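Okay, structure first, notes after.
The values are calculated or read from the model by the stated rules, or taken from the named source; none is laboratory data. Bear in mind the structure is a predicted one, so any value in this text is a computation, not a measurement. Cβ placement follows ideal geometry from the backbone for every residue including glycine, while neighbour counts extend to all protein chains displayed. Note: accessible area is taken over every heavy atom of the protein model, side chains too, but ligands, DNA and RNA are not part of it. Shrake-Rupley method; radii C 1.70, N 1.55, O 1.52, S 1.80 Å.
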Amino acid sequence: MNDHISSAYDRDLETITTMIVKMGGLVEDAIMKAAKSLAERDVELAEQVRQADTVIDALEEQINEEAARIIALRAPVSKDLRQILTVLRLAASLERIGDYAKNIAKRTSVLVEMRPVSGSDTALRRMAREVEGMLKDTLDSYLRGDAELAEDVRQRDHDVDQMYNALFRELLTFMMEDPRNITACMHLHFMAKNIERMGDLTTNMAEQVIYLVTGEMPEEARPKGDRTSYVTDHP
């Protein structure tokens with residue numbers, strides 16, 4: 001009987017893990033498409049990102065429902081319970097990252113009507129590429145139970161912050177040099193902040209993986225390089 005229950009729980013866990021992987025893949029795609037839509041001023045691609053967010057949201061709801069069912073039916077404890085709680089937290093972070101990608105796509109539709117700000121599109125795409133890589137490694141660390149890889153992701157958040165700081169300073173310079181750049185630069189700044197927040201959420205996910213594998217949250221505070229004002233852009 002115990003073997004039967006364990007086997008059923010393993011199947012449940014495999015199902016919910018598959019859903020997380022699918023959700024993660026969609027979010028990775030959304031990050032890169034949002035950055036590409038800006039770089040290429042592709043309104044249709046930006047709209048694809050906005051539409052795909054509904055699929056990401058629906059997956060989070062399915063994961064929440066499946067996790068609730070598993071908890072009610074299997075009453076997991078100890079590491080089994082940590083596994084389910086980790087899935088819920090990963091899904092919540094992925095949904096939020098998807099929202100930020102959607103935000104970028106929304107602003108792309110506005111920026112196509114404005115003259116480009118030199119170098120900003122490339123900088124934003126580089127930031128997005130770094131965060132997408134962090135997210136991929138976080139999901140890999142979750143699947144492999146690799147706390148070292150998750151810790152590596154944690155440390156890389158500093159690089160994203162540094163990229164954000166550099167772009168923030170450049171945008172300020174452009175605005176001071178020519179007031180006509182102010183509106184476009186403000187939109188670009190919010191986009192950069194969205195990507196920086198994606199990095200924070202991905203790092204939170206990595207910390208959850210470390211907790212899942214070791215049973216403890218990291219003791220040392222992760223390095224933070226964002227020294228700008230705390231401006232947020234809510235979905």
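If you roll a 1.4 Å probe over the heavy atoms of the protein chains, what accessible area per residue do you get for the chain, in Å²?
48
Springs between alpha-carbon pairs under 10 angstrom, Gaussian network model over the chain: which of 175, 19, 163 fluctuates most?
It is 175.
In Å and whole numbers, how far do the C-alpha atoms of the range 1-122 stretch along each principal axis, longest first?
67, 22, 16
Quote to one decimal, in nm, the extra length available between residue 72 and residue 122 on full extension: 0.36 nm per residue of separation minus the C-alpha distance between them.
That pair, residue 72 and residue 122, stretches by 13.2 nm at full extension.
So which of 79/193; 33/136; 79/102 end up more than 24 Å apart, counting from Cα to Cα?
Listed pairs above 24 Å: 79/193; 79/102.
For the range 47-174, take N as its residue count and report Rg(C-alpha) divided by 2.2 N^0.38 Å.
Ratio of Rg to 2.2 N^0.38 Å for the range 47-174: 1.32.
At 0.36 nm per residue, minus the direct Cα-Cα distance, what do residue 217 and residue 180 gain on full extension? Give it in nm, one decimal, please.
Difference between extended and current length: 8.6 nm.
Would you mind estimating how fast the chain diffuses translationally, via Stokes-Einstein at 4 °C and 1.567 mPa s with the Kirkwood radius over Cα pairs, in µm²/s?
Estimated via Stokes-Einstein, D reaches 70 µm²/s.
Given a 1.4 Å probe and every protein chain left where it sits, what share in percent of the accessible area of the chain is carbon and sulfur?
Ligands and nucleic acids excluded, carbon and sulfur reach 52 percent.
Can you classify the range 154-204 as rounded, prolate or oblate using the Cα gyration tensor, where a ≥ b ≥ c are the square roots of its eigenvalues, rounded means a/c under 1.5, and otherwise it's prolate if a/b beats b/c and oblate if not? Intermediate results must be reported in sequence, preceding the final value.
Numbers: a/c = 6.53, a/b = 2.31, b/c = 2.83.
Since a/c reaches 1.5 but b/c is at least a/b, the shape of the range 154-204 is classed as oblate.
Quick one: compute a quarter of the convex hull surface over the Cα atoms of the range 17-80 and quote it in nm².
Working: hull surface 19.6 nm².
Its average projected convex-hull area is 4.9 nm².
I'd like to know which of 37, 92, 49 lies farthest towards the positive end of the charge dipole of the range 1-92, counting +1 on Cβ of Lys and Arg and -1 on Cβ of Asp and Glu.
The residue sitting farthest along the positive end of the dipole is 92.
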